[in-house]
1. With point charges of +1 on the Cβ of Lys and Arg and -1 on the Cβ of Asp and Glu, referenced to the Cα centre of the chain, which listed residue (144, 212, 191) lies farthest in the positive direction of the dipole?
2. Starting from the 7 Å offset along Cα-to-Cβ, what nm value, one decimal, do you get for the label separation of residue 159 and residue 98?
3. Please list, or write none, the lysines whose alpha carbon is within less than 23 Å of the alpha carbon of residue 218, excluding same-chain residues fewer than 8 places away.
4. Using the basic label-point model (7 angstrom from Cα toward the beta carbon), what is the residue 248 to residue 428 distance in nanometres?
5. Return the FRET efficiency for the residue pair residue 352, residue 18: r is the Cβ-Cβ distance, R0 is 35 Å, and the value is rounded to the nearest 0.05.
6. Give me the distance between the Cα centres of the range 43-86 and the range 304-341, rounded to whole Å.
7. Using the C-alpha atoms of the range 160-229, what convex hull volume per residue, in cubic angstrom, is computed?
8. Could you work out what % of the accessible surface of the chain is carbon and sulfur, using a 1.4 angstrom probe and leaving DNA, RNA and ligands out of the count?
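The values are calculated or read from the model by the stated rules, or taken from the named source; none is laboratory data. Bear in mind the structure is a predicted one, so any value in this text is a computation, not a measurement. Cβ coordinates were reconstructed from backbone atoms using ideal geometry, including for glycine residues, and neighbour counts include every protein chain displayed. Surface areas here come from the heavy atoms of the whole protein model, side chains and all, with no ligands, DNA or RNA. Shrake-Rupley method; radii C 1.70, N 1.55, O 1.52, S 1.80 Å.
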Amino acid sequence: MAQQYQTLRLVLGDQLHQNHSWFSSVDDTTCYVMMEVWSETVYVRHHIQKVVGFFMAMRQFAATLQELGHHVLYLKLDDEDNEQTFGENIKKLVARHNIQRFEYQLPDEYRVDEHLKQLGAALTIPCQAVDSEHFLVERDFVATLFKGKKRFLLETFYRKIRLRHQLLMEADGETPLTGQWNYDQSNRKKYPAQLSIPPHLPFLQDAREVVAMLERLKVPTFGNITPDAFDCPLTRKEALELLEHFNRLRLSHFGDYQDALSERHWLGFHSRLSFVLNVKLITPLEVVEAAIEYWKTHQNTIDIAQVEGFVRQIVGWREYVRGIYWAKMPEYATKNYFDHQAPLPDFYWTGNTKMKCVGHAVQQSLDRSYAHHIQRLMITGNFALLLGVHPDEIDAWYLGVYMDALEWVEITNTRGMSQYADGGIVGTKPYVSSANYIDKMSDYCQNCYYDKKQKYGSRACPFNSLYWDFYDRNGSKLKNIPRINMMLATWHKMAADEQVKILEQAAFYKKNAK
Ligand code: FAD
Ligand code: DLZ
Ligand code: SF4
């Protein structure tokens, strides 16, 4: 007979939170279950590194819980006994182990939340959802804060969090350190040619077993992996090492070069903490507190703009987009403000394009399952928006390609910030640019097949004509956005024959982007 437990607790693949109160004591009547399931693996086509990263981190977490004395059931994707959905596996385990009570931590994704609510209703035993004890504010904090408002301003939210958790505040508890809340304006530098960027901290893992399993089961994935040297932090110890490395070597220039792009650097001064944060191996509060602590003891070499920029990303943007997700789902996933309908070009899946900037960002994404924020926003996102790609196709790509992609943070950044498909809930304006901005922030244009200065002609940079085409076709939907008005006026003042040439060139690229 199978072992009997009173309580069954589900731990999802992005709930690897060792310091959760669930694990504070060992209880022989409680069993934890973790499962690799087909339903989560194929709901979107994932990069192979994402699936491997999740499964390996889950397996290590299960082993850690066992070492701590907890009872853990772990279902691998190829276990014969695996019913391949959370719900069916739970039902089977409840019956087999004579479970009297089922508990789960609130999931971060709407899809899974609905699935578990339905499961709870179908079970005949008591079912309880508890907090995941990871985020700084509750799921509905943003919705409550902005009740009745059309715009959800990040800055309002960010200041509330700084005050609530007393982060970078003066002793009076009300004034931000130095009197200034935000140093966004100073985070706009391009990499100087001579700047030396520290090497990244690799975490080379032997992923051969999991890769072989995925191949054997013919799990549909894309992207590249080196199975015996898969580079990804997978444990809490590794997450803490990555954080220490970031504070020591990257924090000093984080803000300065946050928006910089280069063919020579894939990481720059970014942290690469998003995966370990999103699977909860580390908490946002411990990350920002460690960065602030480091800065306090190194104020002679690190200025406040660097640490404030970092804190804003984590306790500002990250928490804020989660709040928007829960305030606006499920309707959010259908938003298409510009009614864009074009398909995503093939080169998003292959990297095969003559555009140096797009090619670099896509190839890096295929090789590393990682791109930093400005690559996602101002290169791949910008180009898809200019081209008028349907947000569903763009979301599927972003959700699949990045290790850190979970819908709550992916869709709000993609459909919201990047594509403005929500009509301005997350972003105050669409993030579009011509070659001018890309050239200002990068070294891409100097080695590109296309000419950054040309708007039309056989070598004209596609960003240029598509940029003006975007204003032309969406003028009526853009005219009330203050910072966009100026560009609309410039477009309308342009000579008619110039406009025709630009629009013809854009029409060509819309059919033949390469
Ligand atoms: P760093 O630059 O070192 O920043 C530190 C941390 O701040 C990140 O680890 C992340 O946790 C947080 N952060 C920074 N910017 C954001 C943001 N806009 N929203 C939420 N958190 C932020 N982030 C994800 O975690 N998952 C996604 O699926 C995701 N999809 C994105 C899609 C698009 C189109 C865009 C424009 C951005 C997306 N982001 C996403 C946000 C951001 O690009 C990544 O968090 C960041 O690039 C991860 O790299 P890093 O850890 O080196 O970040
Ligand atoms: C991303 C992912 C993948 C690929 N596979 C699994 C899985 O098999 N089992 C699991 O528990 N979690 C997986 N995850 C992470 C989930 O998508 C995530 O835990 C939920 O969507 C909740 O956000
Ligand atoms: Fe990108 Fe255009 Fe610059 Fe080429 S010229 S790198 S396509 S912006």
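1. Farthest towards the positive pole: 191.
2. Label-label distance for residue 159 and residue 98, simple model: 6.0 nm.
3. Counting by Cα, and skipping residues close in sequence, residue 218 has these lysines nearby: 50, 76.
4. Placing both labels 7 Å beyond Cα along the Cβ direction yields 3.9 nm.
5. Values: r = 42 Å, r/R0 = 1.21.
E between residue 352 and residue 18, to the nearest 0.05, is 0.25.
6. If you average the Cα positions of each part, the centres end up 28 Å apart.
7. Values: hull volume 17.9 nm³, N = 70.
It comes to 256 Å³ per residue, whole-number rounded.
8. Working: 10800 of 21420 Å².
Carbon plus sulfur share of accessible area: 50 percent.
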